[in-house]
1. Of all trypsin sites (Lys or Arg not before Pro) in the range 265-311, which ones are in loop regions per DSSP and have a Cβ with at most 13 other Cβ atoms within 10 Å?
2. Once phi is turned into θ = phi - 60°, what whole-Hz ³J(HN,Hα) does the Karplus curve with 6.51, -1.76 and 1.60 give for every residue of the range 386-392, x standing for Gly and Pro?
3. For the full complex of protein chains and a 1.4 angstrom probe, list 237, 113 by accessible area with the highest value first.
4. I need two numbers for the range 36-103: Rg to one decimal and Dmax as a whole number, Cα atoms only, in Å.
5. Would you calculate a helix-derived [θ] at 222 nm for the chain, using -39,500 (n - 2.57) for each DSSP H run of n ≥ 4 and dividing by the full residue count, to the nearest 500?
6. What whole-number value in Å² describes the accessible area per residue of the chain for a 1.4 Å probe?
7. Label-point separation (nm) for residue 215 and residue 314, each offset 7 Å from Cα along Cα-to-Cβ?
8. Which listed residue (380, 408, 309) has the Cα farthest towards the positive end of the charge dipole for the range 262-412, taking +1 on Lys and Arg C-beta and -1 on Asp and Glu C-beta about the Cα centre?
Amino acid sequence: AQRAFGARRWTGFIIQMLGILTLLGTITTGTLGTIPWSYSYDVFPAVWFGGSKTHWESAAQLAELGKYSLAVLGWQHLTEAGDWDAVVYLQLSQAAGIKRVNPLLPVFCYASLGWAFAQNAAVLPLMSNPMYASFFLQSTDGPEYSKTNCQQMDSNNPRCIGWFWNFANSSARNYYVEKVVLPLATATTIDGVFFDAVNFGYDIPEYRPWGRPVVNIPRCGVNDTWDGCEALVAGTLDVVTRSVQLLNRFGKVAMLSNPASYSRPVGAKIWLDETRLVKALDGLTWLRYYEQARAEEMVADPKAGAALIEDMLKEGDAGVASGMHSYYHRPRPELNQTGPEDPTAHIAAFMLVRRELWYYTGSTGWFDRDFKWSSVYDDAAKCGRPLAPAMRPAPRVYTREYERCHVMVNCTKVSSSWPQLGCNGAIFPLSSDAHAQSPSLIPSPPRLAVEGMNSLF
């Protein structure tokens, strides 16, 4: 009975949204020119991106969120509490609760983009109707799918599965914008939408999460031909552009996870050039999000080198607002590791690329318990505004000057010693009389041996 009630409730909600759709031609709200909330260099822009699969947020947790500059409810939030049924609408109610306690805190809800989640009320009915098979990528024995949500949550619920949209199909694109994005654009309890896995809109034929080929996109992976994949790339770009436009129209902001890159990933056959994305979204309000951005992933990746940080620096120059997520390691008692990982290098790496409206997420996972406020955030907040872009004095070494601090990340050696895993990084405070207009007063950082150089700096 509870399941039937939930289905009727969300069916009624969708019918209301369809009514709103017919009015879109007469609604005039304007297009955003800037992010509709304040941003200050006197505050470290930490993001909370968590939740609880079983419980609504407690009063203590809601108060804790007041420390952060932005909150995002992950797809995991209230999944089990809502039996994986139309969970995003429960999250809209949770967002209202966050806003009551923290009225100035921007709050985002979650929507997968390339992924088609069965837990979404607009997606589930299509999965059981053969008429909509062409809306999804197909393999040799049925739809291309992923069970990563089931695995992450240790669940056998039939709604934990995810398929993948076929954005080469214009009807699928229209359905996504009208039935998935529109209800969120018109919601009154959120400031924006986090769109996960934008790259899955176009790269699944190559990525193949479960090793199964995609067979319903001509010349895209079949017989190792790839020139037909442009249909997915162009279709994804169309969905992204229309989704951002729609959110902006209702005063909201899109955050796009892993949508594109300026440099083609090593060996990639399918790729969305970020120059193309930025051009398509010119004049719109949006943020980009980096899923994996530890210091060593930015600067010392074995395959890509420093491609990630260089992409970030290009985005800053292009005026793209961005967020990055550093996943901290948990201590391993069997290795006699205790306490948290030292996050300094990862926060320093963020400070290297920080621009106006850039945000930082640091956690050991996706639940409330995985987010802990760090004293390094408080130290970084004292730095003030950056004086210049980051410099690279040597391979795998970056520095940057701020009004009241000097930031350094050195990835010439990647440490495996707890609690400082990865690169060496630091935020050096300046003396009290070191002012932004007096760079000569900036004390020199510690002398570091640099790989490939005889001198020290």
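The values are calculated or read from the model by the stated rules, or taken from the named source; none is laboratory data. Keep in mind that this is a model prediction, so the values were computed, not measured. Positions of Cβ are backbone-derived with ideal geometry, glycine not excepted, and every protein chain shown enters the neighbour counts. We work out accessible area using only protein heavy atoms, side chains counted, and drop any ligands, DNA or RNA first. Shrake-Rupley method; radii C 1.70, N 1.55, O 1.52, S 1.80 Å.
1. Working: sites: 269, 276, 279, 288, 294, 303; in loops: 269, 294, 303.
Those satisfying the criteria are 303.
2. Whole-Hz 3J(HN,Hα) from phi for the range 386-392: x, 8, 6, x, 5, 10, 10.
3. Values: 237 20, 113 0 Å².
Correct descending sequence by accessible area is 237, 113.
4. Spelled out, the Cα radius of gyration and Dmax of the range 36-103 are 12.8, 42 Å.
5. -8000 deg cm²/dmol
6. Details: 19710 Å² over 457 residues.
The answer is 43 Å² per residue.
7. 3.7 nm
8. Value: 309.
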